[in-house]
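Asker: Once you've had a glance at the structure underneath, I'll fire off some questions.
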Amino acid sequence: MNTILSLVKKDFLLFWKDKTAVVLTFAVPMLLIVIFGIIFMSGDNSGPSGIRLLVVDEVQSEESAELVGFLQREDTFNVLTERNLADGETAPLDRDYAGQLLRTDPGSYRYVLILPENLMDADFGLNFELLYNPQNPVENNIVQGILQKVLFSNAFPLLMNSESYGLTDEMRDSFDDELSEVIARHFGGDPEEIRAQFDADGFWGLGGSSGEGEEGGSGESGSSDALGELFNIEKTQVYGEGKNPASQSVGGWAVMFLLFSLSGAASSLFEEREAGLFLRILSGPATRAQILWSKFFFCGLLGLIQMLVLFTFGHLLYGIITSPAQLLPLLLISIATAAAATAFGMLLASLAQTQAQANGLGTLLILTMSAFGGAMFPLFMMPEFIRTYISPFSLVYWAMDGILAVLWRDAGVLQILPQIGVLCAVAAAILAIALWRFRKGDLFR
Amino acid sequence: MTASKPILELTGISKSFGSIHALREVDLSIATGEFFGFLGPNGAGKSTLLKVFCGFQPADTGEIRIKGQPVAADDQQARRSLGLVPQELALYDRLSAINNLRVFGGIHGLGRARIEEKGRELLESVGLWERRNDRVKDFSGGMKRRLNIILPEPDILLCDEPTVGVDPQSRNAIFEFLENLNRRGLTILYTTHYMEEAERLCRRIAIIDHGKILACDKQDRLLADAGSGCEVLIKKAPGMEPVVEAAGGQGELIEEDLTWRLVPGPGLRLSRLYAIIEEHGLSHEHLQVRQPSLEGLFLQLTGRKLRD
């Protein structure tokens with residue numbers, strides 16, 4: 001028994017001496033718990049929040065304003081209804097301006113809801129228009145689902161209780177007749193009896209109970225079909241027609257594993273130091289700077305090749321590249337990403353004292369950056385303050401933004417210059433820090 | 001000192017790590033074609049000296065000249081002529097033997113054709129040509145050591161204890177390889193704490209301890225100058241007490257199982273001891289003089305054994 005205890009004690013001692021193992025065992029999963037907790041359990045709901053929704057109210061009535069108010073109270077959306085003018089004043093959004101925003105800044109604005117002038121022109125029900133850029137199918141489904149819920153829950157009763165839309169008693173009767181027909185068609189029953197129930201209740205009651213509306217909006221096929229007939233949402237996909245949503249996952253995994261492979265490659269500097277290889281190399285004509293730059297170029301090229309291979313693989317599997325015009329910008333953003341990731345790997349190697357430290361620190365930082373930068377899951381799932389104030393500090397964020405701009409929106413070189421510029425600046429800055437650290441550190445001693 | 005032109009010169013080299021003085025005012029001149037040895041125990045400063053040579057660690061003070069030219073710590077051109085064999089097995093063990101040579105040859109600026117030609121010659125000379133395409137990680141320790149010492153075309157080869165942990169067969173192969181290179185004119189600096197290696201290989205030796213060169217000369221001159229480095233063994237036999245008593249005043253007397261060992265001081269007079277033996281009718285065989293050795297010299301210079 002003593003032997004077993006001694007051996008167990010030995011294993012704990014060895015484990016404790018291996019700081020990488022300790023970090024990977026405790027710190028990394030703790031960090032992931034925190035990150036996923038932030039994502040999935042933030043606030044008092046489990047859904048995304050703060051997704052920008054541009055609302056164009058062409059009706060400009062009290063009721064439409066109230067409907068916009070309902071949308072504004074929905075945590076999922078950050079509703080914008082006005083734009084700033086040059087003279088410091090504001091003006092209501094119009095469809096042209098909102099559509100332009102969607103096209104020119106698709107990273108920030110992906111949804112425009114228009115309450116059109118012909119809101120009530122439909123033969124039956126209400127008209128809405130939705131311009132959207134479904135960069136991510138999950139986000140798109142969530143947004144449209146919640147939009148439907150809000151509209152179904154609030155627009156209909158507002159409409160029915162409003163005089164300003166000019167509903168006469170005849171129109172109400174006609175509406176109730178048609179509605180009872182719709183309900184009978186989808187749910188069964190006698191239209192006459194349903195109509196009689198309406199009369200008995202004063203109205204069919206939807207306006208008095210948002211709960212029924214939520215049911216309608218969230219899902220059962222019969223009710224949603226029925227409500228679908230009441231609400232005509234004309235959808236226009238601004239970007240991504242014919243694109244495969246796999247772009248997000250291909251880009252995400254490519255960037256994340258680029259960071260892993262390059263930080264591993266850079267930390268091989270420690271292996272060479274331990275083996276005495278630097279001593280041997282530096283005894284000849286090579287300099288420390290040449291060793292570091294050669295490592296940088298090797299890692300950069302390896303990263304670029306890795307990215308291109310993964311994009312090719314993604315294309316063969318999912319057809320993520322839809323036009324030859326995407327190739328040059330994709331190459332450029334890949335080069336910038338590989339450079340930034342390589343510089344990150346070099347920085348890790350310069351900060352750590354041993355390869356084990358570099359690997360442990362690397363795992364921690366890469367998972368964090370990937371989570372906050374949108375490589376592990378779409379950014380919209382993050383709380384808004386993380387998307388706004390934390391994500392942009394991750395090089396993954398800029399890499400993903402550039403890659404998706406090319407693959408999803410066919411962005412050209414000029415359009416992704418900001419992302420390329422940020423990545424190159426990040427690469428230069430952290431490489432400078434890394435080189436300074438290498439000079440101060442003991443890699444070559 | 002040698003009459004040949006110096007290929008490597010050190011003047012007043014000092015190096016400290018915090019409060020530890022690794023090198024203290026080292027002056028040295030190595031001639032072209034010389035096989036020069038640094039003999040000292042572990043931690044004496046031998047490896048640090050080589051690292052300073054090759055610029056891996058800059059000296060705190062002093063000057064290094066290679067082929068007459070002063071060399072700054074970051075002067076890569078001047079160090080093009082150096083090749084270092086570190087204590088560690090400094091090899092890319094996932095690469096083959098020939099690919100290792102290609103890597104190091106390329107770093108030293110050799111062309112592909114020259115590397116191939118030289119690679120064959122070098123690998124044959126250490127008996128590894130047949131294994132040239134095998135990965136180094138599959139080599140035995142001795143084979144790795146043999147591969148570790150070959151470098152393509154340096155003018156000065158710096159060997160830092162290249163036989164650590166080597167079997168006798170590989171050690172001999174390494175010795176023969178280095179002797180052969182030196183015969184062909186290569187200058188070799190060799191650090192070791194094995195006296196027998198220094199005695200076999202090096203024509204000139206610096207004895208170093210605590211970062212200071214205690215003695216530096218040709219081996220025979222060192223030993224000659226260390227005449228007092230000889231030892232006198234006095235057999236424990238009846239009637240020898242007056243000899244032991246007299247010897248006690250001539251150096252350090254150490255009692256061993258069967259003998260007294262006299263480590264002579266500056267005033268050694270062997271003739272006085274022999275006279276006492278004759279006075280008492282004792283045999284001369286009771287007194288043996290052991291010739292000076294590098295180990296004895298080291299003991300004399302430092303007061304401790306080489307392998308302490």
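Asker: From Cα pairs below 8 angstrom and at least 6 apart in sequence, can you work out the relative contact order of chain B, rounded to a whole percent?
Answerer: Details: 557 pairs, mean separation 61.2, N = 308.
RCO, chain B: 20 percent.
Asker: For the pairs A:Lys295/B:Lys67; A:Lys9/B:Lys144; B:Lys67/B:Lys218; B:Lys144/B:Lys212; A:Lys19/B:Lys15; A:Lys10/B:Lys46, flag any whose C-alpha to C-alpha distance is greater than 25 Å.
Answerer: Details: A:Lys295/B:Lys67 32 Å; A:Lys9/B:Lys144 36 Å; B:Lys67/B:Lys218 21 Å; B:Lys144/B:Lys212 32 Å; A:Lys19/B:Lys15 33 Å; A:Lys10/B:Lys46 37 Å.
Table pairs above 25 Å Cα-Cα are A:Lys295/B:Lys67; A:Lys9/B:Lys144; B:Lys144/B:Lys212; A:Lys19/B:Lys15; A:Lys10/B:Lys46.
Asker: Return a whole-number percent for the relative contact order of chain A, with Cα pairs under 8 Å and 6 or more residues apart as the contact set. Present the calculation step by step, with values, prior to reporting the outcome.
Answerer: Values: 610 pairs, mean separation 80.8, N = 445.
Over chain A, the number comes to 18 percent.
Asker: Quote the charge dipole size of region B:69-120 about the Cα centre in Debye, to the nearest 20; the model charges only the Cβ of Lys and Arg (+1) and of Asp and Glu (-1). Spell out each step's value before the answer.
Answerer: On the way: 8 positive and 6 negative charges, 54 e Å.
Dipole size: approximately 260 debye.
Asker: Å³ per residue of the Cα convex hull, for region B:1-134? The partial results should precede the final answer.
Answerer: Working: hull volume 19.8 nm³, N = 134.
Convex hull volume per residue, Cα atoms: 148 Å³.
Asker: Return one whole number: the accessible area per residue of the protein assembly as shown in Å², for a 1.4 Å probe.
Answerer: Values: 34880 Å² over 753 residues.
Computed with neighbouring chains in place, this is 46 Å² per residue.
Asker: Nearest 500 deg cm²/dmol is fine: what mean residue ellipticity at 222 nm does chain B get from its DSSP H runs of n ≥ 4 alone, each adding -39,500 (n - 2.57), divided by its residue count?
Answerer: Numbers: 10 runs with 97 residues, N = 308.
Result for chain B: -9000 deg cm²/dmol, rounded to the nearest 500.
Asker: Here is a further query. Find out how many positive minus negative residues lie around B:Asn180, taking Lys and Arg as positive, Asp and Glu as negative, among other residues whose Cβ is under 12 Å from that of B:Asn180.
Answerer: Working: positive: B:Arg183, B:Arg184; negative: B:Glu121, B:Glu124, B:Glu176, B:Glu179.
Neighbour charge sum, excluding B:Asn180 itself: -2.
Asker: Using only alpha-carbon positions, what ratio does the radius of gyration of the protein assembly as shown give when scaled by 2.2 N^0.38 Å? Numbers along the way, then the final one.
Answerer: On the way: Rg = 41.9 Å, N = 753, 2.2 N^0.38 = 27.3 Å.
Relative to the rule-of-thumb radius for its length, the protein assembly as shown sits at 1.54.
Asker: Moving on. How far apart, in nm, are two points set 7 Å out from the Cα along the Cα-to-Cβ line at B:Glu252 and at A:Phe298?
Answerer: 5.0
Asker: For peptide A:282-295, how many partner chain Cβ atoms fall within 10 Å of a residue's Cβ, on average?
Answerer: Details: counts 11, 20, 16, 11, 6, 5, 4, 2, 2, 1, 0, 0, 1, 0.
Mean partner shielding for this stretch: 6.
Asker: While we're here: Mind checking which lysines have their Cα closer than 30 Å to the Cα of B:Lys235? Skip sequence neighbours fewer than 8 apart in that chain.
Answerer: Qualifying lysines at Cα under 30 Å: B:Lys305.
Asker: Same structure, new question: Under 1.5 on a/c is rounded, so check that first for region A:254-305, then, if it is not, pick prolate when a/b is larger than b/c and oblate when it is not; a ≥ b ≥ c are the square roots of the alpha carbon gyration tensor eigenvalues. Provide the component values of the computation, followed by the final result.
Answerer: Working: a/c = 4.16, a/b = 1.96, b/c = 2.12.
Oblate.
Asker: Quickly estimate the mean residue ellipticity at 222 nm for chain A, helices only: each DSSP H run with n ≥ 4 gives -39500 (n - 2.57), and the total goes over all residues, rounded to 500. Working shown, then result.
Answerer: Details: 18 runs with 277 residues, N = 445.
For chain A, the value works out to -20500 deg cm²/dmol.
Asker: I've got another one for you. What residues have an amide H closer than 5 Å to that of B:Tyr190, excluding those fewer than 5 places away on the same chain, when H is modeled at 1.01 Å from N in the peptide plane?
Answerer: It is B:Phe36, B:Gly37, B:Phe38, B:Cys159, by chain and number.
Asker: Additional query: Per residue of A:272-279, how many C-beta atoms from partner chains lie within 10 Å of its own C-beta, taken as a mean?
Answerer: On the way: counts 2, 1, 1, 7, 10, 8, 3, 14.
If you average over the peptide's residues, the count of other-chain Cβ atoms is 6.
Asker: Given H placed on each backbone N at 1.01 Å, which residues far from A:Ile51 in sequence or on other chains put an amide H within less than 5 Å of it?
Answerer: It is A:Phe77, A:Asn78, by chain and number.
Asker: Using only Cα atoms, tell me the angle between helix A:191-201 and the longest principal axis of chain A; keep it within 0 to 90° and round to the nearest 10.
Answerer: 90
Asker: Turning to a different aspect of this structure: Ordering B:Glu63, B:Glu9 by how much accessible area each has at a 1.4 Å probe, largest first, what is the list? Mind showing how you got there, number by number?
Answerer: Numbers: B:Glu63 70, B:Glu9 50 Å².
Descending order: B:Glu63, B:Glu9.
Asker: On a full-extension model of 0.36 nm per residue, what is the gain between A:Val8 and A:Gln353, subtracting their alpha-carbon distance, rounded to one decimal in nm? Each step should come with its number before you reach the end.
Answerer: Values: separation 345, 0.36 × 345 = 124.20 nm, distance 2.84 nm.
Once the chain is fully extended between A:Val8 and A:Gln353, it gains 121.4 nm.
Asker: What total accessible surface area, summed over both chains, is buried at the interface between chains A and B, computed with a 1.4 Å probe and given in Å² to the nearest 100?
Answerer: Values: alone 21840 and 14960 Å², together 34880 Å².
Buried: approximately 1900 Å² between B and A.
Asker: Mind ranking B:Thr191, A:Thr81 by accessible surface for me, highest first, 1.4 Å probe?
Answerer: Working: B:Thr191 0, A:Thr81 40 Å².
In descending accessible area the options line up as A:Thr81, B:Thr191.
Asker: When a/c is below 1.5 the answer is rounded, else prolate if a/b is larger than b/c, else oblate, so apply that to region B:188-228 with a ≥ b ≥ c taken from the square roots of the Cα gyration tensor eigenvalues. All intermediate terms of the calculation are to be shown ahead of the outcome.
Answerer: Working: a/c = 1.71, a/b = 1.12, b/c = 1.53.
Here region B:188-228 falls in the oblate category.
Asker: Something else about it: To the nearest 0.05, what FRET efficiency results for B:Glu63 and B:Leu95 with a Förster distance of 45 Å applied to their C-beta separation?
Answerer: Values: r = 38 Å, r/R0 = 0.83.
Here the calculated transfer efficiency is 0.75.
Asker: Return the distance in nm (one decimal) between the two label points of a simple spin-label model at A:Gln290 and A:Asp410, each offset 7 Å from Cα along Cα→Cβ.
Answerer: For A:Gln290 paired with A:Asp410, the spin-label model returns 4.9 nm.
Asker: Roughly what % of DSSP beta bridges within the protein assembly as shown run antiparallel, to the nearest 5?
Answerer: Values: 42 of 76 bridges.
Beta bridges within the protein assembly as shown, antiparallel portion: roughly 55 percent.
Asker: Enumerate the lysines that A:Lys149 could reach by cross-link, defined here as Cα to Cα under 23 Å, with residues fewer than 8 away along the same chain left out.
Answerer: The qualifying lysines are A:Lys235.
Asker: Using only the heavy atoms of the protein chains and a 1.4 Å probe, how would A:Phe297, A:Phe257 rank by accessible area, largest first? All intermediate terms of the calculation are to be shown ahead of the outcome.
Answerer: Values: A:Phe297 120, A:Phe257 100 Å².
Largest to smallest exposure gives the sequence A:Phe297, A:Phe257.
Asker: Okay, next question. For the pair A:Val34 and A:Glu89, what calculated FRET efficiency results from E = 1/(1 + (r/R0)^6), where r is the Cβ-Cβ distance and R0 = 56 Å, to the nearest 0.05? Could the numbers behind the result be given before it?
Answerer: Values: r = 44 Å, r/R0 = 0.78.
Using R0 = 56 Å, I get an efficiency of 0.80.
Asker: Taking Cα atoms of chain A, Rg/Rh with Kirkwood Rh, to two decimals? Can you show the working numbers first?
Answerer: Numbers: Rg = 28.7 Å, Rh = 25.6 Å.
Looking at chain A, the ratio lands at 1.12.
Asker: How far apart, in nm, are the 7 Å Cα→Cβ label points at B:Asp138 and A:Lys19?
Answerer: It is 3.8 nm.
Asker: Report ³J(HN,Hα) in whole Hz for each residue of region A:329-342, in order, from the Karplus equation J = 6.51 cos²θ - 1.76 cosθ + 1.60 where θ = phi - 60°; Gly and Pro get x.
Answerer: 3J(HN,Hα) across region A:329-342, in whole Hz: x, 5, 4, 5, 5, 5, 4, 5, 5, 4, 5, 5, 5, 5.
The values are calculated or read from the model by the stated rules, or taken from the named source; none is laboratory data. Since we're looking at a predicted model, the values are computed, not measured. Please note: Cβ atoms are built from the backbone with ideal geometry, for glycine as well, and neighbour counts cover all protein chains shown. We work out accessible area using only protein heavy atoms, side chains counted, and drop any ligands, DNA or RNA first. Shrake-Rupley method; radii C 1.70, N 1.55, O 1.52, S 1.80 Å.
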